[in-house]
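Just so it is clear, none of the values below were taken in a lab; they were calculated from the coordinates. Computed from a predicted structure; not experimentally measured. Cβ sites come from the backbone with ideal geometry, for glycine too, and all protein chains shown count toward neighbours.
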Amino acid sequence: MKSINCKGVLLEFNEPKIMGILNFTPDSFSDGGRFNTTYKAILHIENMINSGADIIDIGAISSKPGSQLLSLKEEKSRLKPLLSEINKNFSRNIFSLDTFRSEIAKWAVQEYNISIINDISAGELDTKMFETIGKLQVPYIMMHMQGRPQSMQQKPTYKDVTQDIINYFAQKINELKKFAVHDIIIDPGFGFGKTLEHNYQLLKELHYFDIFEKLLLVGVSRKSMIQKLLDNNIDETLNGTTIINTLAIEKGANILRVHDVKEAKEIVKIYSKITN
């Protein structure tokens, strides 16, 4: 059974886990501004935990296509009041921080209740990230992204999207070994520098990532790959999200990163009933 060490708490993956999303931003693609005050964010965290979230993933920077990145100072300033409240009120829960900056990662792990670092750039945007994770000894989620958020959807190209990303992760895992990082979670990065066809090829071939024997995270919640295929809007994507998340679990996903925790938890309950 796969497991990760979250600051002394062993999280075992006897069944898929649900990661609830908290976009602490004014400009997220799906819920920007809904939870951008500490009070609203704390209420949302409580709701997600009550709905069954195993992990809460906090992000202070929007990474939607074309988005502009906050400065380090702005990211830290935005996070500080929220992390302080989390540290006071949710010491027994597992939180990950969505950041590509090693300095923010170190600060959040050492001073606040952050157990996991979730890096959309897999160390590409901060060359000190791998070394920092090795020193912190926390689980590390590394995502594949072709290009940068500002430009990633401008004609992304691959020879073979699945094989190219497998080769990318093989190189990254070897680099992480040099820094004694063991708890590695891989995220193929649906929607990050991929066309509609790329995204669905990745979904079809998701089981190929079993080759790494690492935990696999899938984040498709409310993404445009659903809207474009079904010709609907973001408020109509729950059904498509649920279908893709179900397929992802069947193909080996260990963590579902979602906005709608209750519905994702129901997928896991039904799947676990059938398989166990």
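Tabulated data for the structure shown
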{"item": "Under Karplus coefficients 6.51, -1.76 and 1.60, residue-wise ³J(HN,Hα) of the stretch 215-223 in Hz, glycine/proline x", "result": "5, 10, 9, 10, x, 10, 3, 6, 7"}
{"item": "Peptides 119-128, 138-147, 257-266 ordered by average Cβ neighbours within 10 Å, highest first", "result": "138-147, 257-266, 119-128"}
{"item": "Cα shape, the stretch 225-276, gyration tensor, a/c 1.5 rule", "result": "prolate"}
{"item": "Net charge dipole size for the chain [Lys, Arg +1 and Asp, Glu -1 on Cβ; Debye, nearest 20]", "result": "400 debye"}
{"item": "Computed E for F212/E124 - FRET, C-beta separation, R0 30 angstrom, nearest 0.05", "result": "0.95"}
{"item": "Kyte-Doolittle at least -0.5, axis length at least 15 Å by Cα - qualifying DSSP helices, the chain", "result": "38-50, 161-177, 238-250, 261-275"}
{"item": "Fraction of antiparallel bridges per DSSP, the chain only, in percent to nearest 5", "result": "10 percent"}
{"item": "Long-range lysine pairs (8 or more apart or interchain), the stretch 84-192, Cα under 30 Å", "result": "20"}
{"item": "Helix-only CD estimate at 222 nm, as mean residue ellipticity for the chain, using -39500 (n - 2.57) per DSSP H run (n ≥ 4)", "result": "-12500 deg cm²/dmol"}
{"item": "Global form of the stretch 120-204, assessed from the alpha-carbon gyration tensor, a/c cut-off 1.5", "result": "prolate"}
{"item": "Ranked list, fewest to most other Cβ atoms within 10 Å of each Cβ, for R222, R78", "result": "R78, R222"}
{"item": "Cα pair distances exceeding 34 angstrom across the chain, given as percent", "result": "11 percent"}
{"item": "Sequence of Y39, Y200, Y112 once ranked by neighbouring C-beta atoms within 10 Å, starting from the fewest", "result": "Y39, Y200, Y112"}
